[in-house]
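*Asks:* Just passing along the structure, written as structure tokens.
The values are calculated or read from the model by the stated rules, or taken from the named source; none is laboratory data. Predicted model only: the values in this text are computed from it and were never measured. Glycine gets a Cβ as well: all are built from the backbone with ideal geometry, and neighbour counts include every protein chain shown. What goes into the accessible areas is simple: the full protein's heavy atoms, side chains included, and nothing from ligands, DNA or RNA. Shrake-Rupley method; radii C 1.70, N 1.55, O 1.52, S 1.80 Å.
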Amino acid sequence: MKVTTSLALLVCLLAGECLAAGPTPQKPNPGEELFQAAQVSGHYGGQLTIGGRAEPKTFNPVIAADAVSREMIGRLMADLIEINRGSQQTEPALTKSWKTSADGRVFTLQLRKGIRFSDGHPFDADDVLFSFAVYMDENVDSPQRDLLIIDGKPLTVTKIDRYTVRFTLPRAYAAAERLFDGLAMLPRHLLEKPYRQGKFVQSWSLNASTNEVAGLGPFRLKRYVPGERVVLERNPYYWKVDSHNDRLPYLDELTFLFVGTEDAQVMRFEAGATNMISRLSAENYGLLNRERNRTGAQLSDLGPSLEYNFVVFNQNDLSSKKLDAIARKQKWFRDLKFRQAISAAIDRDAIVRLVYGTRGTALWGNVGPGNKLWVNTAIPHPQPSPATARQLLKSAGFSWSPSGQLRDSSGAPVEFSIITSSSNTQRMKMATLLQDDLSHLGMQVHIVPLEFRALVDRVFQSFDYDAAIMGLGGGDADPNPEMNVWTTKGTSHLWHLNEAQPETAWEGEIDRLMQQQMVTIDYTKRKQLYDRVQQLISENLPFIFLATPNVLAAADSRVGNFHPAILDPYTLWNADELYIRRPTENAGVR
Amino acid sequence: MRYLGRTLVRAILLLAGISILCFLFTEMAPGSFFDELRLNPQVSPETIANLRSRYGLDQPLVVRYGRWVKSAARADFGYSIAYNAPVAPLLWGRAKNTLLLTATGMLLTWLISLPLGVWLAARRGHMLDQAFSIASSFVVSIPEVVIAVALLAIVVRWRLLPLSAGPLHGEGISLRTHVQDLATRMLLPVTILVFVESAIIVRHVRASVLEVLGTPFVQAAHSFGICRARVLFRHVLPAAASPAISLFGFSLAGLVSGSLLIEVICGWPGLGPLILEATLSRDLYLVIGGIMLSALFMVGGNLIADLMLLAADPRIRTGALDAH
Amino acid sequence: MRTKTAILIAALAALHLALLCAAFIAPYDPVAQNRELPYAPPTRLHLHDAAGWHLRPFVYRWTLGDEGYLEDKSESFPVHLLTTGSSYEFLGIFDTTRHLFGVAPPASIALFGTDGFGRDEFSRVLYGGQISVAAGIAATLIALLAGALFGVIAGYYGNWTDQSLMAGTELFLSLPWLYFLLGVRAFLPLHVSPVRTFFLLTCVIGLIGWARPARLVRGIVLSSRTRNYVLAARSFGASDLHVIREHILPEILGVLMTQATVLVPRYIAAEVTLSFFGLGVNEPVASWGNMLSTLQQYSVLVSYAWLLAPVGALIITSVIYALLADVVQSRLEFPQPGN
């Protein structure tokens, strides 16, 4: 009797321990080849909550298209090679090391031995082959499939042995190892069956039970409460250790709370319901900054982001009769001097001050100072000059009526509208400032806020607009993701979509340069090519660049190893290194 | 009985009509679900086109409507593109949370508004009456969004309520803590709901009671010596009931749709955030499912209101139904 | 009672007069940006300085320091009445540059502070009121007229008319209006002039809003058409129109007035939603609706409380209307002679 009761007590105690903390991390065993994060230290325990704008829609990494789902899934999964957001360089992840062939087409990857998924099942090359087969399957239609198709041909994956995989690209591709970031490795033992049955797309929906979902990421799924939160718990088999050889992650639990708007996020952060905020607007940052002495919050202004906001004029080929009015205005939009005049008249400093509360940077090209590796510092940054603008307009055949209204060479008054997304307050404000600036030139500009998808429809489909203020970029620092924006046949070539042949010399030159840099492996040569591309862009102004916001993030005083970065996911990229400080450690408030 | 039968048939026809019109309306809006992918320079238009056709978005309207009706018969009510799951279970899970909020709000609102409206009408001209008039003008003029954000801001700044709370459904939590936790979380959204709704309902109740108070039969009742309270509640209220009943019907009708904004702002896991996001992201079948659900409540609510009207006003029932 | 009515009517008249003469009372052009003074707090009026008390109030310039705005006490600028300022067209009749009050540049007098672009809130509230109050009243009139019409027909004739009209309201209230609005926006030309936007606004709001009043009215008409005096009138051979006009209409006026006091401010605020779809009054024109949309941001609400001015104006307007409606209702409640 006594033995059983004391055993029962012991069991209860242990169970209580387990309930209180997350799953205990497995001690590293000699058979595993683990990644050591040399500079990292912290201690176990604690729960971190971060607010999200919306609910994630799925746990399936292959079909997830929205940012919220991807952010959460990224904590459950791991990739072969990852881009370290802090250094912006690639580093080995599930791969221990890799070798590139001389022509840059063949990658041979050595996987880490002895690693297991979050449910304990071992990981090997068969999982890698399976994962890539799924990503490239035409019937699955993954949004990431196109990354793996270069020049219309898919890359091929072959298994060399249990822990070696070889990738062959159809042709050399610069910075190809960056492709692997974001391609999560799937557990073959759980997903192969639904895949063969054609049910892959339905697997790992939000209804999935916790033992159906397994990954190689720092956390695993614990609980999903519909409409409210997703709770992740520590993955006891995670393949990274810290400087003391203790297995990461430190946190017991990571919770994603669906909070809604950014305002609601800020309110919850202030109330202590969440510990971190990923991207803040300048106003909210200012608000939290004013209180930081009282709250001890850690606020981070990381400098300019990789996005660029711009004005694009409609230079598409318009065939429909309905768009005749726009077609007539296109003779202004296509005139380089007209665009140069507008660029000269815009007060970018006012945008930075009034829209971003000084926490932003003016832009004259598509690559801003935040992208230290690729920015072309030789591009001129002229100050606004209405005099220059007027000079340019006069030389282009424009004139002013006695009342100050600008007229073109045929006497028609210069009047056009700028569309922008009504849900993006920053771009709406930029539009208002622009309208005022251009009114001093005698142009009558109307601002038309549109709902987001209505805007996208006009810009990509119907071409029923004069000018639009939009934003792009931010995915990666590397030029390759920008191919589709700057090449003539690119799908984001917004100012002139569906262009069959480059109609101007500079567009043709950009095509050649971008193609060349895509296959050039050497960084210095690539930089030269891309510098020239940036120069052409800033000279010919297909987009008139405005400004970029700084990346602003916040965490409360208890979060340790808080190192936000300017690449997405700004604060959670090192989720495995974050820890909760013990109350005694809060003495030195930064 | 025949009346009920007729009304049921009418209700079903109405719901069918609403579903058809919904499909037509959703055609009107430009843009589709996968437009967000267009802004990602790394996704090709072929992939987007494939995705569209996989979910049947490029099929003609009639075909899609037929498929939806079949799906409705299977109790799925369509397929959500965003969640990759059938619509009905998604909706039902959230609807329960919304109903909890709105039913509580409605109960409290009517418990407060009816007596308050009657009381204010009886004390017409009194200082409290004037004060209420002004206060309700305040509440009615400020857009609901601003009220909700302002109240939330007050709660946060002065730390009146803990905004964080344990999960709404957890394991191993005692019933008592669960109820307590629920009550704390519901306090703010229910307060906003009651605030905003009562202002309007009290006004209407007060106005119609005032009208009736001036009529001869009330004066007669007073002169008969019947005490004031009895006069108010037994004689005046039923006569003044009509607009109140219609409003009650509106409250019932709005049980699933009325708290949308508040749920979004207060972070209540109900239908509101789900439908709002679905509408903006053009997740068609989820939106239509949500609309059908609220249409159901609307038809039901109006039906109940009509029955109550019949019950409250005998003059409608007895023979005066044929106008000529 | 009579003094109260007199006060209310005077207040209403003053309000509308102020809105009508917005261009005269407002010291600045509502679209004039002052990029050096974003989010400046309301200018403080002083009567006393180191030199003692003055009869004429004066102001100091705001300067932006590290901790926020500070008054630059080195120079004082007296407030003058009937000053010259930016030119405008008075009531559409003649051009003038006289404004009610102002200060000499480079100082500025922003009684309600400035917004994010340094535009004077006070001027914007006045100009904005013109559009918003007019739109709100017009939309309410449309909604109530349509609602009353359908409600009376449905309630009076009963049976099939009633059933189909009520089915119509249910249809109307359930439909996804967001999509309809998106469709309207897609259908319209990209730029719609401010006047046309105004008309569009009112029509859209009014059209969508008739269903509720219709139901309320119908409920009342259902019960009142069975009243004795109505039956009596009909048995005397009175036409339907006569019965409706003489006996039914007075019954529904009460409900209509109450609805009006609720709807006017609600429709003014509805412009916030419409702006989201691009159907509102566009920048840079001021309207209470588009000024309210900036208030949806928490940081703005908390840090720049003076931007709540349009909310205050809206409240004052609707309070006056509500109290007035009350007075009118009390006049109506006494039984009409002949009932």
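*Asks:* Yes or no: segment A:141-153 includes at least one residue that is surrounded by fewer than 16 Cβ atoms within 10 Å (Cβ to Cβ) and part of a loop (DSSP other than H, G, I, E, B).
*Replies:* Yes, the conditions are met somewhere in segment A:141-153.
*Asks:* Within 11 Å of chain C (Cβ to nearest Cβ), without any contact (Cβ under 8 Å) to a residue 60 or more places away in the chain and farther than 29 Å from B:Arg94 by Cα: does that describe B:Val212?
*Replies:* On the way: within 11 Å of chain C (Cβ to nearest Cβ): yes; without any contact (Cβ under 8 Å) to a residue 60 or more places away in the chain: yes; farther than 29 Å from B:Arg94 by Cα: yes.
Taking the combined requirement at face value, the residue satisfies it.
*Asks:* Further, regarding this structure: Filter segment A:242-284 for residues that are modelled with pLDDT under 90, among the polar types (S, T, N, Q) and assigned to a helix (DSSP H, G or I) and give the result.
*Replies:* Listed by number, the list holds a single entry, A:Gln265.
*Asks:* Let me ask something else. Please state which one of A:Val414, A:Val459 is more than 10 Å from every other protein chain (Cβ to nearest Cβ), open to solvent by less than 40 Å² (accessible area, probe 1.4 Å), among the aliphatic types (A, V, I, L, M) and in contact with a helix residue (DSSP H, G or I) (Cβ under 7 Å, 6 or more places away or on another chain).
*Replies:* A:Val414
*Asks:* Hey, can you tell me all the residues within segment A:393-411 that are open to solvent by 40 Å² or more (accessible area, probe 1.4 Å) and not in a strand (DSSP E or B)? If you could, list the steps in order and put the result at the bottom.
*Replies:* Restricting attention to segment A:393-411, the residues satisfying the condition of being open to solvent by 40 Å² or more (accessible area, probe 1.4 Å) are A:394-395, A:399-400, A:402-403, A:405, A:407, A:409-410.
Within segment A:393-411, A:Lys394, A:Ser395, A:Pro402, A:Ser403, A:Gln405, A:Ser409, A:Ser410 meet the criteria.
*Asks:* So how many residues does segment B:204-247 have that are open to solvent by less than 20 Å² (accessible area, probe 1.4 Å), assigned to a helix (DSSP H, G or I) and among the hydrophobic types (A, V, I, L, M, F, W, C)?
*Replies:* 13
*Asks:* Still on this structure, please answer the following. All but one of (1) within 14 Å of chain A (Cβ to nearest Cβ); (2) surrounded by 17 or more Cβ atoms within 10 Å (Cβ to Cβ) hold for B:Leu100; which doesn't?
*Replies:* For B:Leu100, the failing item is (2).
*Asks:* Sticking with this structure for a sec: I'd like to check something: does segment C:21-33 contain any residue that is of a type in the set (D, E, K, R) and more than 25 Å from C:Leu314 (Cα to Cα)?
*Replies:* no
*Asks:* Which condition from (1) at pLDDT 80 or above; (2) out of contact with any Pro (no Cβ under 8 Å at 6 or more places or on another chain) is the one that B:Thr184 breaks?
*Replies:* (2)
*Asks:* I've got another one for you. Need at least 2 residues that are away from chain B (no Cβ under 14 Å) and surrounded by fewer than 18 Cβ atoms within 10 Å (Cβ to Cβ) per element, so show me which helices (runs of 4 or more DSSP H) inside segment A:481-572 make the cut, counting only ones lying wholly within it.
*Replies:* On the way: elements: A:483-486, A:505-519, A:523-540.
In segment A:481-572, the matching helices (runs of 4 or more DSSP H) lie at A:505-519, A:523-540.
*Asks:* Residues that are within 12 Å of chain B (Cβ to nearest Cβ), β-branched (Val, Ile, Thr) and more than 27 Å from B:Leu309 (Cβ to Cβ): does segment C:193-212 have at least one?
*Replies:* no
*Asks:* Can you name the number of the only condition in (1) part of a helix (DSSP H, G or I); (2) open to solvent by 10 Å² or more (accessible area, probe 1.4 Å); (3) more than 10 Å from every other protein chain (Cβ to nearest Cβ) that C:Ile248 fails?
*Replies:* In the conditions (1) part of a helix (DSSP H, G or I); (2) open to solvent by 10 Å² or more (accessible area, probe 1.4 Å); (3) more than 10 Å from every other protein chain (Cβ to nearest Cβ), C:Ile248 misses (2) alone.
*Asks:* While we're looking at this one, here's another question. Among what's in segment C:153-186 and is under 27 Å from the mean Cα position of the chain (by Cα), of a type in the set (Phe, Trp, Tyr) and facing another protein chain (nearest Cβ under 8 Å), pick the residue that is most open to solvent (accessible area, probe 1.4 Å).
*Replies:* C:Phe180
*Asks:* Could I ask something else about it? Count, please, the residues in segment C:187-212 that happen to be open to solvent by 30 Å² or more (accessible area, probe 1.4 Å) and either within 22 Å of A:Asp457 (Cα to Cα) or polar (S, T, N, Q) (or both).
*Replies:* Final tally of qualifying residues: 5.
*Asks:* Related question: Within segment A:102-115, does at least one residue satisfy the condition of being open to solvent by 40 Å² or more (accessible area, probe 1.4 Å), without any contact (Cβ under 8 Å) to a residue 60 or more places away in the chain and within 14 Å of another protein chain (Cβ to nearest Cβ)?
*Replies:* Checking segment A:102-115: not a single residue is open to solvent by 40 Å² or more (accessible area, probe 1.4 Å), without any contact (Cβ under 8 Å) to a residue 60 or more places away in the chain and within 14 Å of another protein chain (Cβ to nearest Cβ).
*Asks:* Could you grab me the full set of residues in segment B:74-90 that are open to solvent by 20 Å² or more (accessible area, probe 1.4 Å) and more than 9 Å from chain A (Cβ to nearest Cβ)?
*Replies:* Listed by number, the residues that qualify are B:Arg74, B:Ala75, B:Asp76, B:Phe77, B:Tyr79, B:Pro86, B:Ala88.
*Asks:* So which strands (runs of 3 or more DSSP E) are wholly in segment C:1-109 and hold at least 2 residues that are of a type in the set (A, V, I, L, M, F, W, C) and either touching a residue at least 12 places away in the same chain (Cβ under 8 Å) or open to solvent by 40 Å² or more (accessible area, probe 1.4 Å) (or both)?
*Replies:* Where strands (runs of 3 or more DSSP E) fall fully within segment C:1-109 and carry at least 2 residues being of a type in the set (A, V, I, L, M, F, W, C) and either touching a residue at least 12 places away in the same chain (Cβ under 8 Å) or open to solvent by 40 Å² or more (accessible area, probe 1.4 Å) (or both), they are C:52-65, C:68-78, C:80-90, C:94-102.
*Asks:* Here is a further query. Checking the condition more than 8 Å from chain B (Cβ to nearest Cβ), of a type outside the set (Gly, Ala, Ser), open to solvent by less than 20 Å² (accessible area, probe 1.4 Å) and assigned to a helix (DSSP H, G or I), which residue from C:Leu292, C:Leu274, C:Leu256 passes?
*Replies:* C:Leu274
*Asks:* Right, here's the next one. I need the full set of residues from segment C:87-124 which are within 14 Å of another protein chain (Cβ to nearest Cβ) and of a type in the set (Ser, Thr, Tyr), in order please.
*Replies:* Once the filter is applied, which keeps residues that are within 14 Å of another protein chain (Cβ to nearest Cβ) and of a type in the set (Ser, Thr, Tyr), segment C:87-124 yields C:Ser87, C:Thr114.
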